[in-house]
Amino acid sequence: MFTLYRLIIYSGIATFTCLVITAVLGITGANYSIHGKMGITTFVFACVHGGLVLYKQMKIRRAKKQAMKQVPK
């Protein structure tokens, strides 16, 4: 079962892997078309990863606000 934490970890691993592959393709002078497509794939994975991290932070902040509202004064 996928949890938010696992999705963040896996998308980060996928982003890093794609980034390394893109860099290797660029350094070795591989076909520019493949390098470009891999760069777009890396960007998409990075956006997904960043979005998941931001979503997690928003959930944490929302939970803290709810907890603060329930604390007796």
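The table that follows gives values for the structure above.
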{"quantity": "Cut-off 16 Å (backbone N to label point 7 Å along Cα→Cβ of residue 31), residues of segment 9-25", "calculated": "22, 25"}
{"quantity": "Sequence-separation-based contact order of segment 15-73, relative, with Cα cut under 8 Å and 6+ spacing, percent", "calculated": "33 percent"}
{"quantity": "Calculated semi-axes √(5λ) of the Cα gyration tensor in Å (choose from (i) 39, 10, 8; (ii) 20, 15, 10; (iii) 62, 24, 6), label", "calculated": "(i)"}
{"quantity": "Using alpha-carbon coordinates, inclination of helix 32-70 to the longest axis of the chain, degrees", "calculated": "10 degrees"}
{"quantity": "Point-to-point label distance, residue 48-residue 23, nm (Cα→Cβ direction, 7 Å offset)", "calculated": "2.1 nm"}
{"quantity": "Using alpha-carbon coordinates, inclination of helix 4-28 to the longest axis of the chain, degrees", "calculated": "20 degrees"}
{"quantity": "Solvent exposure of the chain as accessible area per residue, Å², 1.4 Å probe", "calculated": "83 Å²"}
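The values are calculated or read from the model by the stated rules, or taken from the named source; none is laboratory data. Treat the numbers as computed from the prediction; the structure is a model and nothing was measured. Every residue, glycine among them, receives a Cβ derived from its backbone with ideal geometry; neighbour counts consider all protein chains shown. We work out accessible area using only protein heavy atoms, side chains counted, and drop any ligands, DNA or RNA first. Shrake-Rupley method; radii C 1.70, N 1.55, O 1.52, S 1.80 Å.
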